[in-house]
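Where a number appears in this text, it was derived from the coordinates with a stated rule and is not lab data. For clarity, every value in this text was computed on a predicted model and none was experimentally measured. As a convention, Cβ positions derive from the backbone with ideal geometry for all residues, glycine included, and neighbour counts pool all protein chains shown.
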Amino acid sequence: MLYRIATATDWQQAQQTGLFASADLAAEGFIHSSEQHQILETAKRYYVGQSGLVLLEWDEDALAAAGVRVKREWVESRQQHFAHLFAAVPLAAVRRVWPFVVGPDGTATLPVDL
């Protein structure tokens, strides 16, 4: 499974269109996503104090079946590989969604059933 912290606006748009496509897809040509062990650091770096966030869980097999290319690429600033998705994500590939809170100090907690 792969994970994406998403804004309420992006998630609402996905529910209306049937596809998740955030600003990074248009700007960079791919959607950033994380492995489970990368979620909390991503939250701390990029989502401090934002409200209305959700955590999306994407099924890699469903992404492949929908023709969404996933490539793990080295991110120098994090010294890790991250999964990049090179197309909008159909809702059929979204397995679970949780409300996700990132505090003003960057702390977050993973959902208990993750």
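Per-residue ellipticity at 222 nm for the chain, helices alone: DSSP H runs ≥ 4 residues times -39500 (n - 2.57), over residue total, nearest 500 deg cm²/dmol?
So the calculated ellipticity at 222 nm is -7000 deg cm²/dmol.
Provide, as a two-decimal number, the C-alpha radius of gyration of the chain over 2.2 N^0.38 Å, N being how many residues it has.
Rounded to two decimals, the normalised Rg is 1.00.
What residues have an amide H closer than 5 Å to that of H84, excluding those fewer than 5 places away on the same chain, when H is modeled at 1.01 Å from N in the peptide plane?
The list, which skips near neighbours in sequence, is K71, R72, E73.
Sticking with the crude label model, points 7 Å out along Cα→Cβ, report the distance from D59 to A88 in nm, one decimal please.
For the pair D59/A88, the computed spacing is 2.1 nm.
What does the extension gain come out to for Q15 and A27, with contour length at 0.36 nm per residue minus their alpha carbon separation?
2.2 nm
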